[in-house]
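Below is one structure, written out as structure tokens; comments come after it.
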Amino acid sequence: MNRLAPSILSADFSRLGEEVKTIEEAGAHIIHVDVMDGHFVPNISFGSAVMKSLLGKTKLPFDVHLMITDPDRYIKDFVTENTEIITVHQEACIHLHRTLQMIKSHGVKAGVSLNPATPLFTLEYVFEDLDYVLIMSVNPGFGGQKFIPSALEKIRKLAVMKAQRNPDLIIAVDGGITLENVEDVVGAGANLIVAGSSVFGAPDVKKRVQDFLALL
Ligand code: DX5
Ligand code: ZN
């Protein structure tokens, strides 16, 4: 099943609970949580306390995207009853294999994200350990950027590796996804679609989620 993961980075933080309720009622599958530290990426978003404020307010699982240096120090803070996936950046991990095992030791799915310039072969020796790969289709740090088309070829190649070596792998794509290009990324092999500004920036968020779901 293909899933839609609205990113709360583009939500109205003063009404976060209501925003999440709206996407849940509209049928979104999972909440994408963008954590930025101002070091790994040139922007600061929010930390685990904001994510935890949603506990008990939504049944949707959390897809945690850590855009931070030294993620090992913070992984535990993001493990909650709603947390399905924790993703670290390949570029931020010196001991990626160890970090993935640490995530799994908490009983959540382990993911790795690749920046647009980072090749798939950096995952060669951990590929069978992965539950999830997040292909960045923008340079991480900000919502509302334009989709970088080379992500499509990367997703296609990853889908081939998945079929050969890790059939349960979740392939996610993140950045610049709109109603106009979502069918292209799904066609390339992505099965978890992250969308921030195109969901929460819409005049009618509920309708926008439903329009996305119709294209998955
Ligand atoms: C970018 C974040 C994305 C962001 C996507 O650094 O990882 O998840 O929220 O936003 P849009 O969909 O607006 O590109
Ligand atoms: Zn993200």
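Just so it is clear, none of the values below were taken in a lab; they were calculated from the coordinates. Values in this document were obtained by computation on a predicted structure and should not be read as measured data. Here Cβ is always computed from backbone atoms with ideal geometry, including for glycine, and neighbour counts include all displayed protein chains.
Amide H to amide H, with H built 1.01 Å from N, L134 comes under 5 Å of V112, S113, L114, A172, counting only residues 5 or more places away or on other chains. Summing Lys and Arg as +1 and Asp and Glu as -1 over all other residues whose Cβ lies under 12 Å from the Cβ of L114 gives a net charge of 0. Database remark: amide H of V33 closer than 5 angstrom to the amide H of D63, V64, H65 (H placed geometrically; neighbours at sequence offset of 5 or more, or on other chains; Pro and chain starts carry no H). Between the amide H of I177 and those of G196, distances stay under 5 Å, these residues lying 5 or more places away or on another chain, with hydrogens modeled in the peptide plane. For the chain, the 222 nm mean residue ellipticity estimated from helices alone, with every DSSP H stretch of n ≥ 4 adding -39500 (n - 2.57) and the total spread over all residues, rounds to -8500 deg cm²/dmol.
Per residue, the convex hull spanned by the Cα atoms of the chain measures out at 108 cubic angstrom. Return the sequence-ordered ³J(HN,Hα) values of the stretch 185-193 in whole Hz as given by the Karplus equation 6.51 cos²θ - 1.76 cosθ + 1.60 applied to θ = phi - 60°, using x for Gly and Pro. Running phi through 6.51 cos²θ - 1.76 cosθ + 1.60 with θ = phi - 60° gives 6, 5, x, 6, x, 6, 10, 9, 10 Hz.
Taken one residue at a time, the phi angles of the stretch 49-55 give Karplus couplings (6.51, -1.76, 1.60, θ = phi - 60°) of 4, 5, 4, 5, 5, 8, 5 Hz. Gly and Pro are set to x. The HN-Hα couplings worked out from phi for the stretch 144-159 by the Karplus form 6.51 cos²θ - 1.76 cosθ + 1.60 (θ = phi - 60°) are x, 8, 8, 4, 9, x, 4, 4, 5, 5, 5, 5, 4, 5, 5, 5 Hz, whole numbers, x standing for Gly and Pro. Relative protection proxy for 47-54, 207-214, 78-85, 58-65, from highest mean packing down: 58-65, 78-85, 207-214, 47-54 (other beta-carbon atoms within 10 angstrom). For the stretch 1-101, taking Cα atoms only, Rg and Dmax work out to 13.7, 40 Å respectively. Going toward the positive end of the dipole of the stretch 117-213, with +1 on Lys and Arg Cβ and -1 on Asp and Glu Cβ, which of Q164, I177, L123 do you reach last? Working it through, the farthest residue towards the positive pole turns out to be I177.
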